[in-house]
Every structure is written in structure tokens, then in C-alpha cells.
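Report on one structure; see the data block that follows.
The values are calculated or read from the model by the stated rules, or taken from the named source; none is laboratory data. The model shown is predicted, which means the values in this text are computed figures rather than measured ones. Counting neighbours? That spans all protein chains shown, and the Cβs are built from the backbone with ideal geometry, glycine included.
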Amino acid sequence: MESEERPAKIRKLGHGAEPSTSGVTDDTLASVQQGEKPESQHEEVVKNDVQGEEETVLENSQPENGDPAAPKLSKSAMKKLARHEKWESGREDRKAKRKEKMKAKRERVREERRQQAAQESADGTPVPAAPGRRVEKGTKVPITIIFDCDFEDLMHDSEMKSLGLQITRSYSDNRKAKFQTHLAVSSFGGKMKERFDGILAKQYTSWKDVRFFSEDFVEVAEKAKEWMSGPRGGAVAGALSEDAEVKDEEEGEIVYLSSESDVTLDRLKPNSTYIIGGLVDHNRYKGHCYKRAVDRGIKTAKLPIGEFLRMKDRKVLVTNHVLEIMLKWLEFGDWGKAFIEVLPKRKGGVLKSEAESAQEADEGEEAEEEEGEETEAKGAEEKAEGDRAKAGEEEEDKERANAGAEEGAKEG
């Protein structure tokens, strides 16, 4: 076939480009667009290419929500968006179903109690205690813990989510603690607030003894002095009361907790505020919280991990672990016990006292083994000397016997 008669192949286009019709006649394109059956195999290929390119162009050039300036979404992103919208649209239905399940469960429990009461009245069988979870109310102490959340620009979305979960866990731990502190969140806004208002459905608004502020940690720390000295400020109890010199009206301090600090926190003091940096960065911004506190003229301190524990992992702790350790210290008055109670086993924390005892025991066993080896070697050496002495005596006896035999032979 001559080159003039051979139709040119349609070039594959990128996203958003117009399909090329070079080498394709108007009659061929018209027949393809009208859905007519191609006259040859080549025209069928042309039809498939043109339709595929037209679909690609339309798919990628279609604006989102009718806005020409809106970014173009891939199929995967559009599917995710659709699933998210479907999940959000069903939020109220799921909430209603949960309420119905809880209501049905309460009715079921009440019915069981009525049946048990009827049984007791019939045959005198005692009725067991009502099912449910009883949480013993803790004692409020005049200490405030502030979560400094002014690090949104340094964290990824997944890290922001982790921080939200850590704060939620901290609230739960404080509510269940034997000695409870005041909690506050500073620099509360942006994506953090959007998450708490949207996905978490503003549940934080019903939290007790937790305050949320848009101001930074310095301003919130000054406000904490007011509520700790008020009628609901709490009482000096737990490990706080072990120091006989401590008084309720003693002026406290403001301390920013940071592992980079040169000061070690020996104990918690009444009427004091301790600030925990809400930065989840997997150690990308090492020393950032410490520098932030120094720039604002706030004291810094670190928990005495190195004095009580031997750690396999790094000593940087997540937000809720720091709070829980402080709560356990209020209960036990012992940092070592508090660390062991809270820190995950995967971090490999071992009390130094136990590690030293184990080391001394190992050293004692090694000393006993060395002493035993020395005794065994000494015994072997003494035995060898005895064998040599015995062999020498036997040799002398042989020599004397031979000499006697020779003399006897001469005399004969």
C-alpha cells in the first residue's frame, strides 16, 4: 500500500488535551460519532481510540461542583469523597440506633431485676447487686495540667488525630484516677477544634473539670491560679500531703515539662501548673517545646526517668503517658512505681534498683564460679604433684631393688 493511502495512527493524548484527528477523514469520524459500524478493522480501531480519548478528556476536564477553578479529582479520590459523604449523611441514623440499643438494654436489665425481685418474694432467694460499672469518685487536688496545642503547623493530619486521641485518653485517665487534677487545653482552635466539633460531635463540651481556651499556655496558667485557689480548687492529699511543711495556701509554680531540660522534677507541688507540649512529631522537632518555654520565660523540668529506670527505647513519652505518670505519683508517692505502672513493656523499662540487684546477683554467681574453678584447678595441681611424688618413690624402690639384686649376684 502506498504511504498516501495508509491512514496515520492517532497519537495518544495526555489529560485535558484535544483528540487529534490527523490522518483520519471527516467521513470516518462522522461514522464513528454516529455509532455506525466501521467498514474495516482499521476504522474500528480508530473508533475505539477516539471514544476512549473523548471519555478521558471529559472525565478530567469536568469541574468539581460546577466551579471551573476547583481542583480535579481522580476516580479514587471521588470514591473516597462519596464514601465519606455517605458516612456523614448516616451519622444521625447511627446515633438514633445507638440510643435505641441503649434504651432496649436498660429495659432488658429492668425486666431481669423485676423477675429476680419476684423470685425473691416467692422463695426468699437473695437478689444479686444490680449490674453496672461503679467508678469510685476521686479526690480533687490543687494541681493543673495544661496541654499546649499550638503546634498545628508542625504536624500531619494523622499526627493531629493522634493528639486528639491522647487528649481524650488523658481526660478518661484523670476521671478514673484516685487523685484528680484540673485539666486545661490552650491554643484550642484550627483543625483540632474542627475535629472535636465535627467528627467527635462536640462531646468535649460535656467533659467535667476540663477547660478549653484559644489563648496560649502562659495566659491559661495565670487563669489556673484563680480556679485552684477557689472553693473547688481541691485539697492537698495523696503524695502532696506527705511533706509536713506543705500548706494549702502555699504559692505554686509554673513548669513546662520537657525531656531536654537540665532540671529534674523531684515532686509535684500544690497550687502549681504543669504544661505538657501537645506535639506529636516522632522526634522531628527535638527541643522545640523546651525552646518555646525558655523564650516565654517559663521554668522547665523533666520527669526523673533516668534516675529510676533503665530504658531500651528513647525517653520521650506521649502526652497521656506523662499525665498518667503524674497521677500515679500522686497516688503512690514513688516515681519508680509510677513509671512501671504506666510505661508500655515494649519500651523495656526496668527499675534501676532491680537491675542493680540482678547485676549484683550475676556478679556473685560469676565470683562463685571463678572461685570454684580456681579450687578445682588447685586440687588438680595438688593431685598431679602427689602423682609425681608417688612415681618418684616407686622409681627409688625399683632402683633399690635392682641394686640389692646386683649385690646378691656378686656375693653368689
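Key figures for this structure:
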quantity: Members of region 202-236 that are in contact (Cβ under 8 Å) with a residue 40 or more places away in the chain and exposed (fewer than 14 other Cβ atoms within 10 Å of the Cβ); calculated: R232
quantity: Among the residues listed as A96, A69, the single one being outside the structural domain of K176 (by TED's automatic domain parsing), over 35 Å from the mean Cα position of the chain (by Cα) and at pLDDT 50 or above; calculated: A69
quantity: Members of region 165-208 that are assigned to a loop (DSSP other than H, G, I, E, B) and of a type in the set (F, W, Y); calculated: F188, W207
quantity: Scan of region 276-297 for residues that are surrounded by fewer than 18 Cβ atoms within 10 Å (Cβ to Cβ) and either closer than 27 Å to H156 by Cβ or of a type in the set (F, W, Y) (or both), ordered by number; calculated: D281, H282, N283, R284, Y285, K286, G287, H288, K291, V294, D295, R296
quantity: Hits in region 257-299 (condition: of a type in the set (A, V, I, L, M, F, W, C) and either touching a His at 6+ places or on another chain (Cβ under 9 Å) or outside any helix (DSSP H, G or I) (or both)); calculated: L257, V263, L265, L268, I275, I276, L279, V280, I298
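So that you can scan it fast, the table gives a plain yes or no per residue for (1) modelled with pLDDT of 95 or more; (2) within 24 Å of P270 (Cβ to Cβ); (3) not acidic (D, E):
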{"site": "A184", "(1), (2), (3)": "yes, yes, yes"}
{"site": "S187", "(1), (2), (3)": "yes, no, yes"}
{"site": "K191", "(1), (2), (3)": "no, no, yes"}
{"site": "E194", "(1), (2), (3)": "no, no, no"}
{"site": "K202", "(1), (2), (3)": "no, no, yes"}
{"site": "S206", "(1), (2), (3)": "no, no, yes"}
{"site": "D209", "(1), (2), (3)": "no, yes, no"}
{"site": "V220", "(1), (2), (3)": "yes, yes, yes"}
